[in-house]
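Peer 1: I have a structure here, written as structure tokens, and I will follow up with some questions on it.
The values are calculated or read from the model by the stated rules, or taken from the named source; none is laboratory data. The model shown is predicted, which means the values in this text are computed figures rather than measured ones. Cβ sites come from the backbone with ideal geometry, for glycine too, and all protein chains shown count toward neighbours.
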Amino acid sequence: MTEHEQLLVLCRRLGAAEPQAEIMARQLAKRCDQLMAERGMERIAALTYLLQLVTQGRSGVPPPGFEGTAPPPPAPGSDPAGTETR
């Protein structure tokens, strides 16, 4: 099985429909190539890093440095719970 086919299977297992899985697999391979060129990473290390990002992101775990901040407080007079009726 080729690397592309393996990435397709993985993307499908993560819940992507066929067209989306194809796009995701190509994007992962392209970004892998970029990491290899930009950071001098080995292919296996670059793919490992990317696949960890994908699986963590799917689980809702942000990568280090992307935790974000707390949402802003509601504006005065707004109904953040959505319970106001008109």
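Peer 1: Which residues, counting only those in region 35-47, are within 21 Å of MET24 (Cα to Cα) and exposed (fewer than 13 other Cβ atoms within 10 Å of the Cβ)?
Peer 2: Passing the criteria: ALA37, GLU38, GLU42, ILE44.
Peer 1: Taking interchain pairs and intrachain pairs at least six residues apart, which have beta carbon atoms under 6 angstrom, with the first residue in region 9-37 and in contact (Cβ under 8 Å) with a residue 12 or more places away in the chain and the second surrounded by 13 or more Cβ atoms within 10 Å (Cβ to Cβ) and in a loop (DSSP other than H, G, I, E, B)?
Peer 2: Short answer, once both residue conditions are applied: MET24/ALA16; LEU35/MET41.
Peer 1: Conditions: (1) of a type outside the set (Phe, Trp, Tyr); (2) over 17 Å from the mean Cα position of the chain (by Cα); (3) under 25 Å from PRO64 (Cα atoms). LEU47 meets all but one. Number of the miss?
Peer 2: All conditions are met except number (2).
Peer 1: Something else about it: Say we look at region 50-68 and pick out the residues that are in a loop (DSSP other than H, G, I, E, B) and at pLDDT 75 or above; which of these is farthest from the chain's Cα centre (by Cα)?
Peer 2: PRO64
Peer 1: Something else: Going by the conditions given, is GLU22 acidic (Asp, Glu), part of a helix (DSSP H, G or I), modelled with pLDDT of 95 or more and over 17 Å from THR2 (Cβ atoms)?
Peer 2: no
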